[in-house]
Amino acid sequence: MAQTAPPRIDTGQQHEVAPVRRRPRQLPWPLNIYQSAIGKKYAMAISGIGLLGFVVVHMIGNLHLYEGPVQVHEYGEALRDLGGHLAPRTFLLWLMRLGLMGMFVIHIHSAYSLSRMSLKADDSYAGKRNYIAADFASRTMRWTGPIVLLYLLFHLADLTWGWWLGDEYVRGDIYHNVVESMSSLPVAIIYIVANVALAVHIFHGTWSMFQSLGLNNPKFNDLRRGIAGGLAALILIGNLSFPIAVQAGLINEDNRSVPVGEFNTDSGHTAPATPGNNTAAPAAPGESNA
Ligand code: HEM
């Protein structure tokens with residue numbers, strides 16, 4: 001039996017409407033989880049925990065500066081020698097560096113794409129923004145993030161690559177490089193301002209990490225605030241202490257027990273003895289300062 005199409009009622013309206021937003025292509029598991037907002041939040045929270053771990057360990061390691069040039073140098077050597085005789089020198093350190101870089105990329109990418117998602121979202125049904133609840137730290141998250149990123153680039157150029165110190169930079173002598181760098185007042189101010197921004201970022205980041213991981217029962221709000229505030233304060237006090245101690249002359253080179261750049265450590269590795277050798281003999285990838 002021949003079928004006849006139902007009669008079309010002409011309402012005078014156009015029915016073929018293009019979709020508002022094209023659906024993104026579904027990626028395979030586990031990348032498809034990352035395509036959702038909740039997946040991105042998880043990725044941001046987990047990479048944030050890793051980065052936070054690095055910042056805490058880095059700050060504690062830097063406390064060796066209070067002991068002296070030899071002790072901080074030995075700490076750097078110990079990092080390069082991680083794995084003992086079981087792995088080539090600097091192998092584990094490079095593995096950790098790669099992990100750190102990976103977490104950094106994930107953290108920035110998830111933050112960027114989440115903020116794009118929320119900008120695109122239709123908030124016509126949303127109530128007025130509650131700026132009392134969205135406190136100072138959360139509103140400044142978009143500022144403190146880029147400040148910390150710029151600071152990190154400055155910091156690597158300063159103490160890892162020795163770009164600004166020129167001839168004063170001595171590869172392998174961490175103590176000397178820190179003193180040379182932070183005894184300049186503008187540089188000390190950059191370190192202080194950036195580390196205040198980092199503390200604000202860590203406070204809010206830790207607070208919202210609990211939210212992202214679903215650990216946000218109001219019963220634990222005081223504990224959440226305590227952990228977030230405690231971590232931010234610990235890192236702030238530790239990191240601000242270095243530029244302040246150098247400026248105050250508490251960390252200085254007046255009574256060095258060894259000449260600049262000359263160390264004889266248990267590992268048998270000695271750092272080059274002449275200042276400014278960063279240009280004369282660029283280090284092999286694994287030999288850069290830890
Ligand atoms: C005032 C506080 C800080 C001091 C005194 C300090 C000191 C140093 C020094 C001396 C180095 C070079 C180590 C070497 O040459 O062997 C270094 C490397 C580094 N710092 Fe910091 N740092 C501070 C804060 C930070 C913060 C807050 C971050 C992250 C946001 C950070 C991230 C790094 C990274 C990623 C490296 C390279 C590590 C590597 O090459 O394995 N630092 N820091």
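Would you check if GLY268 is more than 29 Å from the chain's Cα centre (by Cα), at pLDDT below 50 and either farther than 16 Å from LEU159 by Cα or not in a loop (DSSP other than H, G, I, E, B) (or both)?
yes
Quick test for you: out of ALA248, ALA197, ALA188, pick the one residue that is at pLDDT 95 or above, within 30 Å of VAL170 (Cβ to Cβ) and touching a Ser or Thr at 6+ places or on another chain (Cβ under 7 Å).
ALA197
If we keep just the residues of region 65-94 that are small (Gly, Ala, Ser), assigned to a helix (DSSP H, G or I) and surrounded by fewer than 19 Cβ atoms within 10 Å (Cβ to Cβ), which is farthest from the ligand (Cβ to nearest atom)? Before you say what the answer is, go through the steps one by one.
So in region 65-94, the residues small (Gly, Ala, Ser) come out as 68, 76, 78, 83-84, 87.
Remaining after also requiring assigned to a helix (DSSP H, G or I): 76, 78, 84.
Still in the running and surrounded by fewer than 19 Cβ atoms within 10 Å (Cβ to Cβ): 78, 84.
Values: ALA78: 11, GLY84: 19 Å.
Per the stated criteria, the residue is GLY84.
Per-residue answers, yes or no, for (1) within 14 Å of the ligand (Cβ to nearest atom); (2) of a type in the set (Gly, Ala, Ser); (3) over 23 Å from GLN71 (Cα atoms):
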{"site": "TRP161", "(1), (2), (3)": "yes, no, no"}
{"site": "VAL178", "(1), (2), (3)": "yes, no, no"}
{"site": "ALA197", "(1), (2), (3)": "yes, yes, yes"}
{"site": "SER212", "(1), (2), (3)": "no, yes, yes"}
{"site": "LEU215", "(1), (2), (3)": "no, no, yes"}
{"site": "ASN221", "(1), (2), (3)": "no, no, yes"}
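Need the failing condition index for ALA233 against (1) within 16 Å of the ligand (Cβ to nearest atom); (2) crowded, with 16+ Cβ neighbours inside 10 Å; (3) within 20 Å of GLY50 (Cα to Cα); (4) of a type outside the set (Lys, Arg), just the number.
With (1) within 16 Å of the ligand (Cβ to nearest atom); (2) crowded, with 16+ Cβ neighbours inside 10 Å; (3) within 20 Å of GLY50 (Cα to Cα); (4) of a type outside the set (Lys, Arg) applied to ALA233, the lone miss is (2).
Collect the residues in region 164-176 that are assigned to a helix (DSSP H, G or I), closer than 20 Å to LEU63 by Cα and more than 8 Å from the ligand (Cβ to nearest atom), keeping them in residue-number order.
Listed by number, the residues that qualify are TYR175, HIS176.
The values are calculated or read from the model by the stated rules, or taken from the named source; none is laboratory data. Since we're looking at a predicted model, the values are computed, not measured. Note: ideal-geometry Cβ built from the backbone for every residue, glycine included; neighbour counts use all protein chains shown.
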